[in-house]
Each structure stands twice: as C-alpha cells, then as structure tokens.
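Report on one structure; see the data block that follows.
The values are calculated or read from the model by the stated rules, or taken from the named source; none is laboratory data. Just so it is clear, the model here is predicted, and its values are computed rather than measured. Every residue, glycine as well, gets a Cβ built from its backbone with ideal geometry; the counts of neighbours run over all protein chains shown. Surface accessibility is based on the protein's heavy atoms, side chains included, excluding ligands, DNA and RNA. Shrake-Rupley method; radii C 1.70, N 1.55, O 1.52, S 1.80 Å.
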Amino acid sequence: MATTYRTCPISGLQFEKNAETLMRWNAVVGVLWLLVGGITALLVILTRWPAIKLLPADQFYTILTAHGIDMLILWILFFEMAVLYFASSTLLRCRLATPMLAWAGFWLMVVGGIITNIAIFQGGSSVMFTSYVPMMAAPHFYLGIILVAVGALIGTGVFFGTLIVAKRDQTYTGSLPLVTFGALTAAIIAVFTILCGAGILIPTLLWSMGFIKEIDAQLYRMVWWALGHSSQQINVAAHVSIWYLTAAVVFGAKPLSEKVSRGAFLLYILFLQLASAHHLLSDPGMSAEWKVLNTSYFMYFAVMA
Amino acid sequence: MSAILPPSERLWWKQPIDKTEWAWIGIAFVWGMIMFVMMIYWHVYGKQNLSNEAYKTTPEMFAAKAEKFIAENTIRKETDQEIPVVKVPANGEAYLIARLWQWYPILELEKGKEYKIHLSSMDYNHGFSLQPVNINIQVVPGYEHVVKMTPTSSGTFAIVCNEFCGIGHHSMLGRIYVK
C-alpha cells in the first residue's frame, strides 16, 4: 500500500491515509457496539423498573449478557484500536507499520464480535459477562471472544511496530509525546489482559466442547478477573491519554510535569493488576492477608497514579 | 511542552516538580496510607470480617455431611417445598447447601451464640447474601467455605443469591431464623 499524508485543516495534525481509514473503521464499529450496548441497557432498565417490567426472565438475562460483552469488551477494544493508531501514526507523523495486518486484526475482531453476539442471542449462552464456570455457554460464545482478543493483540502489535518505525525513521526527536506514552501504557496493559483472558477462555472453550472434563471454579474466578478487571484499566489508561490530548488540542494546555505524568502511568502498569483482587474479597481459598495486601497497599500506588 | 509533542526539554526527568503538584501527590499518598491502615484496623477490630477457613470438597462429600447434619437436627418442615428447618446446636456447626435454585435447609440459630456455618455449592457459583444485615459470601462449587457467625438480633433473615446462576436465579431465596 502506498503511503500518502494529509494535514487536517482544523487541528494541523498530519494523518497517514491507511492509518486514518483504520482509525475511522475501528472507531465507527466501536460506536456501533456502543449503540447495541446502549439499546440493551435501555431494555435492562425498562425490565428492572418495577412499574414496567418489560421482559421475562430468560430474555432479560440474554440481553444483560449482551450488554456486558458489547459494552465492556467490544466497544472498549474497538475504540482502543483507533486510539492506538492515532497515538502512534498521527502523533509521531509516520506511516502505520503493517496496515494489512491491522486490517486482518480488525476483521478478526468484527467476526469474533458477531459470533459471540449470535451465540448470546440464540439464547443458550446467557452466562453474563463473567461467564463463571461451571455454568456453560455454547462453544461459539467463547470462540468469538477469543477471536476478538487475537484481533486486538494483532492491533496492539501493529502499534508497537509503528513506534519502532517512527524511531527508526526519526520522525520525532527526544521522548515520545505524553499522549503516545499513555497509549503505550494502555497497550502494555492490553497485552497482559488479553494473555490472561486467553489463559482462561481457551481452556473454557475446550471444556465447553467436551475436551476438558472440569475447570476449577475458583481458579476460573481468579484468572478471569485478570481479564475482566484489567480490560477496564486499558480503557482508563487510554482515556487519561485522551484527556491530555483534548486539553492539548482544544486549549493548548501542557502537562504540569512530564516526570509526574509519566511516573503515574508507570506506577499504573506496575501495580494495577493487583487491584483485580477486589473482585475476590469474599471468595474462599485466599487468606485475609492476601486480600488486604493486594487490595490496599499496592493498589494505592495504582490509585495514586 | 505540549502533550501531543515530544517533551521540549530533552532531559524532562530532570525538571523540577511544581509545588501544587507536590501538594496533590502528598494528599494522595497520605490518603492511601490512611486507607491502608483502616483496612488492617478493620480486619482486627471490625464487626464483620472474612473467614480464612476453606477446604477443597466435592458436591457428593459436602452433601453427605449436610444430609447427616439435617437428619440429626430437623425440627419441622416448612414451605410448599417441604424444606427442613434445622435447629443448630448452640455454639455448633451448621451446613448450608446452595443449589439450583434453593438454599437448603432453613437454619434456626440462637441470639448471642457463635456458629460455624459451612457453605458450598452443588452446581454453579452462587452468592450467599444475608439480608437485611448485608453479609455477602461467595459460594463456589468444589470449595467448602467455613464462616463464623454470631447473631446479634433475633428475627427472620433472608438469604438472597447474589451471583447469577441461571434462569431461576431471582427466585433463589432462603431463610435463617434467630430466636
């Protein structure tokens, strides 16, 4: 693919054509999932509202599952890809590393998202976002999420590749811009999150197909939350970066101190994962000391950040 | 120095930090320390606390122990499902089964006595939520969770399942009587 650039007349930012198309598609599909998530949210509210009580129990649990997956995985991850391509290609004024691979990742995510939604709306996979075992969903419920995760991992790889391209081609001097640094934080957390998700969802897929006899319910809860909680932290790191971006573009604001802002992102990467333990506070098997340590002392470093 | 451009100072990590920012870091750090101390304080002096006691089990093993306990201590049956009401010996141990979609049996406790309640699930992940006092404990299949409880007021308490467990989840209600 040829590399062509255009300069946005409003912001003065320089967009590379492949990267821009990818940003648009990822962002638009992300917002479409947000729309589905929003419609299902409305149905949830209208059912929980005692005076209306719109849906019967089975349909309610189905749309609640769809709401969780579409909002907390699909909308976040698709938009995240758009942010990553923007923070690398646009802010560093360079080409995207491998646009073809980025498109492959995008389509994997689209197909995966649709497959999981088909599984949910067929009615046999009303297992909620958490999908705690041994409550079993249809195999294609897990398969779809895994495809989305693989696609997102590819997108994250393209982002890392683009950082290398920019460094090699010397399209910027000195350190990465703060917004790109924040996006890098999000990408690092995304890699951890997706690998943990694969670590538990691939065995769960095999279990739902009958190849594995049993998955320990407590082990599932612990590993799953490394996906369930951290996936929301990808979003936090990305949206803090977007705050810096908005402030910079709209008001021409500058960070008080690069050192503090970057230090905060670093603390976030180092200590955030422990905070997932707050989902296990009332679980059997972990000691009170483990719970206190993981949810307080170290987590505060992440909260401070 | 803009957030969308490389830092204008090449050695940005050598720039001094502004007083206002130090103040915020100080506030966040002190607050974090207060909360950390509170967690330990609450663990030692708080009135509701978590149990460290849990064992690996199987639905069959746990059900056998629970059925023995129920057979020895049942005083009557209640509701159209004929659920046994079990009077737990004072300061004794009680077994509570969580299954689709029932808490079994109904426990009868005495105010001011300490009990050890053994919890496990026969099937999916369930959530023990005692209302209106709002005590919440995970009930995970394959694990026997032992929780110490001392009722401080008498009356009828409801057990609500607070972990989604399928189509009958919202109807999974149980009871504890405190005399």
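Some notes on this structure:
- Just one of the listed residues (A:Leu281, A:Leu245, A:Leu272, A:Leu256) is among the hydrophobic types (A, V, I, L, M, F, W, C) and modelled with pLDDT of 85 or more, namely A:Leu245.
- Looking only at the stretch A:51-64, and only at residues there that are within 13 Å of chain B (Cβ to nearest Cβ) and over 18 Å from B:Cys165 (Cβ atoms), the one that is farthest from the chain's Cα centre (by Cα): A:Lys53
- A:Ile10 being assigned to a loop (DSSP other than H, G, I, E, B), free of Cβ contacts under 8 Å to residues at least 40 places away in the same chain and not small (Gly, Ala, Ser): yes
- Taking the criterion of being surrounded by 13 or more Cβ atoms within 10 Å (Cβ to Cβ) and more than 7 Å from every other protein chain (Cβ to nearest Cβ), the residues of the stretch B:10-24 that qualify are B:Trp22, B:Trp24.
- Within this structure, A:Leu55 passes the test of being in contact with a Ser or Thr (Cβ under 6 Å, 6 or more places away or on another chain) and open to solvent by 20 Å² or more (accessible area, probe 1.4 Å).
- A:Leu34 meets the conditions (1) touching an Asp or Glu at 6+ places or on another chain (Cβ under 9 Å); (2) not in a helix (DSSP H, G or I) in every case but one. The failed one is (2).
- Residue match in the stretch A:99-122 (condition: open to solvent by less than 10 Å² (accessible area, probe 1.4 Å) and modelled with pLDDT under 95): no
- Qualifying positions in the stretch A:104-153 - hydroxyl-bearing (Ser, Thr, Tyr), within 14 Å of chain B (Cβ to nearest Cβ) and farther than 19 Å from A:Phe192 by Cα: A:Ser125, A:Ser126, A:Ser131, A:Tyr132
Each row is one residue, and each column tells you yes or no for (1) among the β-branched types (Val, Ile, Thr); (2) open to solvent by 10 Å² or more (accessible area, probe 1.4 Å); (3) within 15 Å of A:Gln218 (Cα to Cα).
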residue: B:Tyr115; (1), (2), (3): no, no, no
residue: B:Leu119; (1), (2), (3): no, no, yes
residue: B:Tyr124; (1), (2), (3): no, yes, yes
residue: B:Pro132; (1), (2), (3): no, yes, no
residue: B:Val140; (1), (2), (3): yes, no, yes
residue: B:Met149; (1), (2), (3): no, yes, no
residue: B:Thr152; (1), (2), (3): yes, yes, no
residue: B:Arg175; (1), (2), (3): no, yes, no
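- Answer residue from the stretch A:243-252, given it is open to solvent by 40 Å² or more (accessible area, probe 1.4 Å) and facing another protein chain (nearest Cβ under 10 Å) and is nearest to the chain's Cα centre (by Cα) among those: A:Trp243
- Selection from the stretch A:182-207 of residues that are open to solvent by less than 20 Å² (accessible area, probe 1.4 Å) and in contact (Cβ under 8 Å) with a residue 60 or more places away in the chain: A:Gly182, A:Ala183, A:Thr185, A:Ala186, A:Ala187, A:Ile189, A:Ala190, A:Thr204
- Residue match in the stretch B:95-107 (condition: within 14 Å of another protein chain (Cβ to nearest Cβ), without any contact (Cβ under 8 Å) to a residue 40 or more places away in the chain and open to solvent by 80 Å² or more (accessible area, probe 1.4 Å)): no
- Scanning the stretch B:64-78 for residues that are open to solvent by 60 Å² or more (accessible area, probe 1.4 Å) and either in contact (Cβ under 8 Å) with a residue 12 or more places away in the chain or touching a helix residue (DSSP H, G or I) at 6+ places or on another chain (Cβ under 7 Å) (or both) gives B:Lys65, B:Ile75.
- Residue ID - nearest to A:Ile202 (Cα to Cα), chosen from residues in the stretch A:216-241 that are within 10 Å of chain B (Cβ to nearest Cβ) and crowded, with 17+ Cβ neighbours inside 10 Å: A:Tyr220
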